[in-house]
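Just so it is clear, none of the values below were taken in a lab; they were calculated from the coordinates. These figures come from a predicted structure and were not determined experimentally. Every residue, glycine as well, gets a Cβ built from its backbone with ideal geometry; the counts of neighbours run over all protein chains shown.
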Amino acid sequence: MAAPDSNSKLLFSLDSYHVTAELGFILPDPLEELPPYYQPWMDIALRVPELVDSHELRFHINEMPLLSSQFLQKHRELRLAHLALSVMTMGYAWQEGENDTVKMLPHNLAVPYWEVSQRLGLPPILTHADAVLANWKKKDPQGPFDMENLELLFSLPGGDSVRGFFMVTLLVELAAVPGLRNIPVVINGVRCGDTEAVATALDAVCQSLQDMTDALKLMQAYVEPSVFYGIMRIYLSGWKDNPCMPKGLVYEGVRAEPMEFSGGSAAQSSLLHCFDELLGVKHEAKSGAFLTRMRNYMPPAHRQLIQDISSRPSLKSFVQQQASERLHQAFQHCVTKLLALRSYHINVVSRFITVPAARARQLRHQRQELEAEVISRAPAALEERGTGGSGIMTFLKTVRDQTKDALLPEMSKETIPHS
Ligand code: HEM
């Protein structure tokens, strides 16, 4: 480590952003237990899939005692409580599918959920920060961080595919960590004009983006598209721009008017927001507004990191000013890998949403087969919509195309320095 100097305070570091060198945005060692007082929450939250299946979850939640949130103190306790209350809330809202939704979350769930959410700066709905970042444990604590050795703390209806979906997403988060660690190196290198340091750090970002794409490829091995589309997806849906819950949801004892919140999505992962800001990807108005809104679904420290990266001097301008082919190439490779990640993600969305949606529509026209297929249980209202309520593919392709625009024009012969 460099000796502290008068500039050290100006150096950018990840220390104050709830980001660790080993796990990035992933919550290290999530707690598995709350203080015994909160056992009534845990007893129900751990059984959400089976209680939804037997249509008893709403009954159990209605009977649950009203507990005070004041005995939750540490950050990890609050995160576990938010996760448990979120899983219960999603099960409560969607227990009977799209046709028998509720208008109100009962006060014994809504009041402590609201308080815990306020203390964490998270919305009172299941977010990526809950379901992925804080929802894991290692079977063998000394063992590796991989699919075989990881399990969920809480699940939702959908069996092994739920585990696959959240755990593969967790592995994408893990794959990004070296890239994330190198963001301060890039920023500090730009600040002191160190072309070589910036280029080397960008190589690490580039490698992480490739590793993230490779991790995303595991989705097809661990998640069954018909289960994702027909069963799981509704439990990740929110009550904003959702025709099944057009007015949103009343949090009883919190506010008399209904409130609207978007459902859980990896658009709430801070990773791509950070890399976009670093590389200078500028989003078009509508998709940009959705992505910006998703930042309100992130832990405040992570949101702040994105903000602080965006307010640093432009990396892209630095690369353009330096006229170094090595740096130019490193930057171009990063944008190209980010583009490839987004293109592959579009493939995934096609496999897990577009194709099963078409199949579900077909089945709806052949009503006699309806009983037979899991897929046909999918909520019709979610067919064409993303969490943001716009056409999913249009949104994702716009975001991808804007990424392409971050590429630099190829260097002309005159600007390439002779070595
Ligand atoms: C079966 C797997 C997946 C499906 C079906 C899926 C689906 C979607 C959908 C429908 C959207 C549109 C916005 C929304 O509705 O919230 C979206 C956005 C997004 N997803 Fe996924 N996703 C999957 C896995 C992942 C994973 C593992 C990641 C990586 C962390 C990821 C990262 C993103 C990002 C960053 C966005 C925002 C758009 C962008 O920045 O390109 N997704 N996803």
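Comparing His55, Asn149, His82 along the charge dipole axis of the range 30-404, the residue lying farthest to the positive side is His82, per the Cβ-charge model. Relative to the Cα centre, the charge distribution of the chain, modelled as +1 at Lys and Arg Cβ and -1 at Asp and Glu Cβ, gives a dipole magnitude of about 960 debye. Since only Tyr92, Thr394, Leu338 are under comparison, the one whose Cα sits farthest along the positive direction of the charge dipole of the chain, derived from C-beta charges on Lys, Arg, Asp and Glu, is Thr394. Mean-square fluctuations from a GNM of the chain, with a 10 angstrom spring cutoff on Cα atoms, peak among Leu305, Leu126, Leu11 at Leu11. Legend: residue pairs Lys337/Lys397; Lys139/Lys337; Lys286/Lys404, Cα-Cα distance threshold 25 Å; pairs beyond threshold, Lys139/Lys337. Dipole of the chain computed with +1 at Lys/Arg Cβ and -1 at Asp/Glu Cβ about the Cα centre; of Ala131, Val116, Val186, farthest Cα towards the positive end is Val186. Computed over the chain with a Gaussian network model linking Cα atoms closer than 10 Å, the most mobile of Pro123, Pro246, Pro28 is Pro246. Restriction of the trypsin sites (Lys or Arg not before Pro) in the range 156-230 to DSSP coil positions whose beta-carbon has at most 14 other beta-carbons within 10 angstrom yields Lys217. Shape class of the chain from the alpha-carbon gyration tensor: prolate, with a/c at 1.5 or above and a/b greater than b/c. Within the range 44-87, the trypsin sites (Lys or Arg not before Pro) that combine a DSSP coil assignment with at most 16 other C-beta atoms in a 10 angstrom radius are Lys74. In the chain, the DSSP beta bridges split such that about 75 percent are antiparallel, to the nearest 5. Phi-derived couplings, Karplus 6.51 cos²θ - 1.76 cosθ + 1.60 at θ = phi - 60°, listed residue by residue for the range 238-243: x, 10, 10, 6, 10, x Hz, with x used for Gly and Pro. For the residues Ala84, Ala323, Ala45, a GNM of the chain with alpha-carbon springs under 10 Å puts the largest fluctuation on Ala323.
Derived scalar couplings between HN and Hα for the range 283-290 equal 8, 5, 3, 6, 5, x, 5, 5 Hz in order, rounded to whole Hz, by the Karplus curve 6.51 cos²θ - 1.76 cosθ + 1.60 (θ = phi - 60°), x for Gly and Pro. Within 13 Å, Cβ to Cβ, of Phe154, how many net charges do the neighbouring residues add up to if Lys/Arg are +1 and Asp/Glu are -1? Once all neighbours under 13 Å are counted, the net charge is -2.
Of all lysines in the structure, those lying under 20 Å Cα to Cα from Lys137, and not within fewer than 8 positions of it along the same chain, are Lys74. Annotation for the range 12-38 versus the range 215-292: alpha-carbon center distance of 22 Å. For the Cα atoms of the chain, what angle does the longest principal axis make with the long axis of helix 325-349, in degrees from 0 to 90, nearest 10? The answer is roughly 20 degrees. Relative to the longest principal axis of the Cα atoms of the chain, the long axis of helix 75-94 makes an angle of roughly 50 degrees. Proximity of backbone amide H atoms, modeled 1.01 Å from N, is registered between Met259 and Leu249, Val250, Tyr251 at under 5 Å, excluding neighbours fewer than 5 places apart on the same chain. Where the centroid of each part is defined by its Cα atoms, how far is the range 138-209 from the range 50-78 in Å? Using only Cα atoms to place each centre, the spacing works out to 31 Å. Remark: the range 1-104 carries a charge dipole of roughly 440 debye about the Cα centre, counting +1 on each Lys and Arg Cβ and -1 on each Asp and Glu Cβ.
Cβ crowding within 10 Å ranks Ser317, Ser262, Ser350 as Ser317, Ser350, Ser262, fewest other Cβ atoms first.
Under conditions of 25 °C and 0.890 mPa s, the range 234-367 yields 135 µm² s⁻¹ as its translational diffusion coefficient, taking Rh as the Kirkwood radius over Cα pairs in the Stokes-Einstein equation.
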